[in-house]
């Protein structure tokens, strides 16, 4: 039996309709955007409310690399000098996600280009109403809004796709850096506190309104600016839920900067702190013998000391330090075998002493010394165990090549005065 409703009871409540919508970045449809009337902001500029299907828009982006972590935006004014560090006051915080290296084929990069084109067209069509410039009689040129190169240089519309660049301070020429483009997300704050710091300068600390989650989806405690490097380290991967609420307009032009509402952080797979040395001396000492092929770890570094050179002289190339293993020198002397009965003729014949009885000396060849009349000893045959003579300047076991011993000249007998007289007679 079906139940009948008592008319005296309160009517059933309809579920409250959500006033926001969450859309994936790739699913954004430019035909669903609507714009409100221009309103003034507290900074002297204007903003144009943005709706998506007449609701507040929240956009999801997948996990991408966050190369810089959380960065602080600073403003420099003369009155800030001596009050804030470097004369700059922090005005806000942001984080950027990078497109991949092959961004030309990345669907998220192509969608971002599509969105930039749509907002350029809207700014051009509403340039006067949105206080960007021009008039009904002379509307603003589209190139003034889009910029003067394909990346939007000096255009009124500050694009969603951001590029790294450097401007020459003299010529004002812009040079784009060889890095992939990126998207920026503002990080709203709950409070910003100032307190005295070092050198009597004010230090600023903010509590972020953005909610942070770890890789497992666990909510982290409210994060302040002092914890930024720990919660969102550089080169982490983050997925983002951001609010697209309005187009802001100022002297710089017009822009849409998504405000991050949630970050889910995936830590980098690299070293957490590249500036920290993870190598110890004990690790190198343990591996050194294997690196030297089993030789002792103690080595002697031989290097020629540097010397001063005259002015204008070119220094010679320094020798490369050579690691020489310390080899223990044997203390046992090398045994010397007793010389044979037939002495070995020395390489340099001894100088002959002239006695008073020597009257005539036979003619000898020029530039040759006359050896002594002592008996000539034949050269001993080669012996593999031959002992090096003490007179040699080469140590035993040296690899230095010796000069061969010259063959002795035949010795002519010395005749006395009587023999010479008798022969003449």
Can you say whether residue 119 is touching a strand residue (DSSP E or B) at 6+ places or on another chain (Cβ under 8 Å), closer than 30 Å to residue 228 by Cα and not in a strand (DSSP E or B), as far as the supplied structure shows? no
Could you pull out the residue among 192, 183 that is touching a residue at least 24 places away in the same chain (Cβ under 8 Å) and closer than 30 Å to residue 149 by Cα? 183
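For the condition at pLDDT 95 or above and either under 34 Å from the mean Cα position of the chain (by Cα) or at positive phi (or both), what is the one hit in 21, 97?
97
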Need the failing condition index for residue 79 against (1) over 36 Å from the mean Cα position of the chain (by Cα); (2) touching a residue at least 60 places away in the same chain (Cβ under 8 Å); (3) outside any strand (DSSP E or B), just the number. (2)
Just for segment 218-252: of the residues that are under 33 Å from the mean Cα position of the chain (by Cα) and in a loop (DSSP other than H, G, I, E, B), which one is farthest from residue 159 (Cα to Cα)? 220
Do we find a residue being within 27 Å of residue 164 (Cβ to Cβ), part of a loop (DSSP other than H, G, I, E, B) and in contact (Cβ under 8 Å) with a residue 24 or more places away in the chain anywhere in segment 40-56? yes
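The values are calculated or read from the model by the stated rules, or taken from the named source; none is laboratory data. Source: prediction; values computed, not measured. When we count neighbours, we look across all protein chains shown, and the Cβ atoms used for this are built from the backbone with ideal geometry, even at glycine.
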